[in-house]
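Visitor: Below you will find the structure I want to go over with you.
Please treat every number below as a calculation from the coordinates, not as lab data. Since we're looking at a predicted model, the values are computed, not measured. Because the Cβ atoms are built from the backbone with ideal geometry, glycine has one as well, and the counts that use them run over all protein chains shown.
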Ligand SMILES: *Cc1c(COP(=O)(O)O)cnc(C)c1O
């Protein structure tokens, strides 16, 4: 396996040391093959918002398993999950299930072009929309983590249709629209960026994009693969009150099984085959196991007080992290929204990827190793957001903050 892994960031290349090989996960914890326990702030990169292997999710999965793993035909469960997604996410009137976030973003891009008859798309530096050719331009996540140039193997004829702007920069988007009249199908973004660290939209940014796209007959697409059902039950679009034309989902809606989805206005989604001419298909799409994990996870999230608890837990954590860095004399800036957080080891503010690059990645590597030794599993990259879950207790957070204090203090001694 290239790099010994099935997905690049897992290899620990940017933080040094060897990747931890997991044996099992439960609640907020992961155990490695040597039996060491870690408090996990990666949560399988987002899906584990109710905690790993939640008993109710496992029980539902076992029940569904008995009926078979894949039908390749319509099933009741996909209808149920579709209804839940449509009810929850303001922009979604119709939805199509796929098997990953990458697949959802690939399909939504085709749909943007099909609906508008235009080929170009605007994305933002440091935003990640999966690994489809057209998105591998100034991408976030593993591409940013490993400091890779735009990927070889992607035809120039493809990426010349991908225009990029700095995040939070409305003027740059305005200029792109002015330079490419009637050629831009739409704007796609992470409404809160989790693949370049953690960057929040400045007041007016999302609203401004909504107006600009409308004005130019282009579509606004929120890639909520990470933020959907995490920033709030209705995603970032519900939290910020800005409704895009189309939305992509993944991670949480699969509850730990491979699921992605794209949806939006019925008028646009009606273009998708077989309702319309835009082709997109999938052998395992909407399979009963994946739908079951998604349905049960969303049901758990509907419980009263879920998002208040997630918000409070995460706020306490980030405040503790910021405080412990400051006590040890390290520059730091960071924040949290709902169950997502992030920090940069630099002065800040960080409003875009260029500013994010000021973070001290060497120091982050030291911090990461020190935290691992103390039983805390952080994302092995300075450019990935952190995730909390319903299973993280006050005690877990206190233990984590104490580990940050000790780690920062230790590192300041050796420097
Ligand atoms: C994770 C992610 C993707 C890709 O999803 P996969 O399931 O890894 O293919 C796309 N967009 C965003 C915002 C993501 O966080």
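Visitor: May I ask for the equivalent-ellipsoid semi-axes of the range 35-79, computed as the square root of five times each C-alpha gyration tensor eigenvalue and listed largest first in whole Å?
Guide: 28, 13, 10
Visitor: Residue 319 to residue 62: extension gain in nm, 0.36 nm per residue of separation minus the Cα-Cα distance?
Guide: Length gained, residue 319 through residue 62: 88.6 nm.
Visitor: Restricting the calculation to Cα positions, tell me the Rg (one decimal) and the Dmax (whole number) of the chain in Å.
Guide: According to the Cα coordinates of the chain, Rg and Dmax are 20.7, 64 Å.
Visitor: Suppose we keep just the DSSP beta bridges with both residues in the chain; what percent of those would be antiparallel, to 5?
Guide: 60
Visitor: Here's another thing I want to ask about it. So how far apart, in nm, are the two label points at residue 284 and residue 133 if each is 7 Å from Cα heading toward Cβ?
Guide: The answer from the label model is 2.5 nm.
Visitor: Does the range 92-235 come out rounded, prolate or oblate, given a ≥ b ≥ c as the square roots of the eigenvalues of its C-alpha gyration tensor, rounded meaning a/c under 1.5 and, failing that, prolate meaning a/b above b/c?
Guide: It is rounded, given that a/c, with a ≥ b ≥ c, falls under 1.5.
Visitor: Here's something else I'd like to know. Counting only helical runs of four or more DSSP H residues, what would the 222 nm mean residue ellipticity of the chain come to if each run contributes -39,500 (n - 2.57) and the total is spread over all its residues?
Guide: Theoretical 222 nm ellipticity from helices: -11000 deg cm²/dmol.
Visitor: Regarding the range 1-43, what's the average projected area of the Cα-atom convex hull, expressed in nm²?
Guide: For the Cα atoms of the range 1-43, the hull's average projected area reads 3.4 nm².
Visitor: Then there's this: Determine, for 31, 45, the number of other Cβ atoms within 10 Å of each Cβ, and report the residues in order from fewest to most.
Guide: 31, 45
Visitor: Could you order the peptides 395-404, 180-189 from most to least packed, using the average number of other C-beta atoms within 10 Å per residue?
Guide: Most protected by this proxy first, the peptides run 180-189, 395-404.
Visitor: Here is a follow-up. For residue 119 and residue 266 in one chain, what is 0.36 nm times their gap in residues minus the Cα-Cα distance, to one decimal in nm?
Guide: Answer, rounded to one decimal: 50.8 nm.
Visitor: I've got another one for you. How big is D for the range 1-77, in µm² s⁻¹ as a whole number, if Stokes-Einstein is applied with the Kirkwood radius of its Cα pairs at 20 °C and 1.002 mPa s?
Guide: In µm²/s, the coefficient is 143.
Visitor: Given the Cα atoms of the range 147-232, and with Rh set as the inverse mean 1/r over their pairs in the Kirkwood sense, what is Rg to Rh to two decimals?
Guide: Ratio of gyration radius to Kirkwood radius: 0.98.
Visitor: Given a cut-off of under 8 Å on Cα pairs at least six residues apart, what relative contact order in percent is computed for the chain?
Guide: About 24 percent, as a whole number.
Visitor: Please arrange 332, 20 by how many other C-beta atoms lie within 10 Å of their C-beta, fewest to most.
Guide: 20, 332
Visitor: Using only Cα atoms, locate the centre of the range 375-415 and the centre of the range 34-53, then give the distance between them in Å, rounded to an integer.
Guide: For the range 375-415 versus the range 34-53, the Cα centre distance is 13 Å.
Visitor: Turning to a different aspect of this structure: Once the convex hull of the C-alpha atoms of the range 144-302 is built, how many Å³ does it hold per residue, rounded to a whole number?
Guide: 159
Visitor: So, in Å, what gap is there between the alpha-carbon centers of the range 228-293 and the range 67-132?
Guide: 4
Visitor: Under the Kirkwood approximation applied to all pairs of distinct alpha-carbon atoms, what is the hydrodynamic radius of the range 97-163 in Å?
Guide: Answer for the range 97-163: a Kirkwood hydrodynamic radius of 12.4 Å.
Visitor: Additional query: How do the peptides 303-309, 371-377 rank, highest first, by the average count of neighbouring beta carbon atoms within 10 Å per residue?
Guide: Listed from highest to lowest mean packing, they are 371-377, 303-309.
Visitor: What nm distance separates the two modelled labels at residue 362 and residue 312, each placed 7 Å from Cα along Cα→Cβ?
Guide: It is 4.2 nm.
Visitor: Taking neighbour counts of Cβ atoms within 10 Å as a proxy for exposure, in what order, fewest first, do 340, 278, 134 appear?
Guide: Exposure proxy ranking, most exposed first: 278, 134, 340.
Visitor: Give me D for the range 305-375 in µm² s⁻¹, whole number, from Stokes-Einstein with Rh from the Kirkwood sum over alpha-carbon pairs, 37 °C and 0.692 mPa s.
Guide: 251
Visitor: Separate question: So how much slack lies between residue 32 and residue 73, counting 0.36 nm per residue of separation and subtracting their Cα-Cα distance, in nm?
Guide: Once the chain is fully extended between residue 32 and residue 73, it gains 10.9 nm.
Visitor: Going out from 0 in 10 Å bins, what whole percent of all Cα-Cα distances in the range 233-300 drops into each bin?
Guide: Going from the shortest bin to the longest, the percentages are 18, 41, 36, 4.
Visitor: Can you list the residues of the range 114-139 with backbone N under 15 Å from a point 7 Å past the Cα of residue 273, pointing along Cα to Cβ?
Guide: 114
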